[in-house]
Amino acid sequence: MKKHKKTNQEKILDYMEYTRGEIVGMMSKLRVLGSATTIVVFLLIVFLLMFNPIAIVGVGERGVKVTLGKTSPESYGEGVHFVTPFISHMHKMDVKTVKSNISTMAQSKDIQQAKIVYVVNYNLMPDYAPKMYREVGKDYLNVIISPTVEGIVKDVIGKWNAQDIVANREKVASEILSKLREDLGAKYINVSDFQITEIQYSNAFEQAIENKVTAEQDALKAKNVTIQVQEEARQKVIAAEAEARSMAIRAQALSQNKALVEYEAVKKWDGKLPEYMLGNSVPFINLNKK
């Protein structure tokens with residue numbers, strides 16, 4: 001036999017009947033005690049338990065009061081607030097900064113698939129808690145934040161070549177953060193930080209990048225060696241040209257000045273006279289010259 005499921009109205013009636021019974025029982029005990037003060041305290045406790053007119057908003061929260069289905073435009077801060085029993089309800093919205101670790105598959109400009117792992121810090125703007133509750137509800141992470149972040153990450157990554165993303169990670173993250181603040185700010189969400197923590201490409205692409213870097217380093221090394229050899233050769237040419245010009249100048253000077261010829265000979269003479277002379281040869285240096 002199928003068990004009858006009570007309606008909300010039946011549950012309320014049962015609860016009221018139970019409460020009435022409890023009150024009658026306790027009143028009977030209080031009559032025996034005969035204490036008026038105790039009766040007043042008891043009635044106050046019963047009132048608070050039954051009607052609960054107090055709402056407490058905790059640290060890092062904002063209260064949103066809904067009265068007969070209508071959301072109040074006021075954002076209630078931390079502390080104790082009074083509500084009208086059975087008519088008003090206080091809903092709590094978290095406004096603390098939340099750190100989310102998320103990963104998204106994205107395609108670069110040169111059609112390379114990459115897994116982008118990132119961290120985004122955000123919080124609901126406290127003054128806009130009533131609007132967020134009225135327009136979206138409490139699940140704004142899945143309704144607004146996640147789709148917006150994923151879309152912007154894919155859009156920005158798609159404007160860069162795969163290898164450039166690795167070399168310009170901070171610049172890419174800064175561009176994404178700027179767009180997130182603009183788009184989510186219009187939806188009552190403040191984005192305080194965005195960081196790309198990891199970029200994962202396929203193994204084949206990673207190896208291709210490594211090979212390219214190695215080739216570029218080898219080419220640069222070879223270029224440096226070539227430049228060094230060219231510089232050494234240039235220095236030798238300069239030295240040879242200088243030596244040739246020096247010799248030409250000295251030759252011209254010797255041909256024009258006989259005394260300079262003798263001076264050059266003296267500079268090279270070791271101080272010894274020849275031990276013999278052939279034929280009628282005489283020394284070309286005139287030792288008795290005054």
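For this structure, a couple of remarks:
- Annotation note: of K65, K131, the sole residue that is basic (K, R), in the same structural domain as V191 (by TED's automatic domain parsing) and touching a residue at least 12 places away in the same chain (Cβ under 8 Å) is K131.
- Screening N142 on (1) in a helix (DSSP H, G or I); (2) closer than 22 Å to I199 by Cα; (3) polar (S, T, N, Q) shows it passes everything except condition (2).
- Set side by side, the residues K138, K109, K159, K154 differ, and just one is farther than 18 Å from K179 by Cβ and of a type in the set (K, R), which is K138.
- Taken over region 62-79, residues that are of a type in the set (A, V, I, L, M) and farther than 16 Å from V95 by Cβ amount to 2.
Residues are listed down the side, and each one gets a yes or a no for (1) in contact with a Lys or Arg (Cβ under 8 Å, 6 or more places away or on another chain); (2) modelled with pLDDT of 95 or more:
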site	(1), (2)
D155	yes, yes
D164	no, no
N168	no, no
V172	no, yes
L184	no, yes
I189	no, yes
D193	no, yes
E198	yes, no
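- Residues in region 100-149 that are modelled with pLDDT of 95 or more, under 17 Å from the mean Cα position of the chain (by Cα) and not hydrophobic (A, V, I, L, M, F, W, C): Y118, N121, Y122.
- Among the residues of region 155-203, the one identified as among the basic types (K, R), surrounded by 13 or more Cβ atoms within 10 Å (Cβ to Cβ) and in a loop (DSSP other than H, G, I, E, B) is K187.
The values are calculated or read from the model by the stated rules, or taken from the named source; none is laboratory data. Small disclaimer: the values here were computed from a predicted structure and weren't measured. Neighbour counts are summed over all protein chains in view; Cβ atoms, including those assigned to glycine, are modelled from backbone coordinates with ideal geometry.
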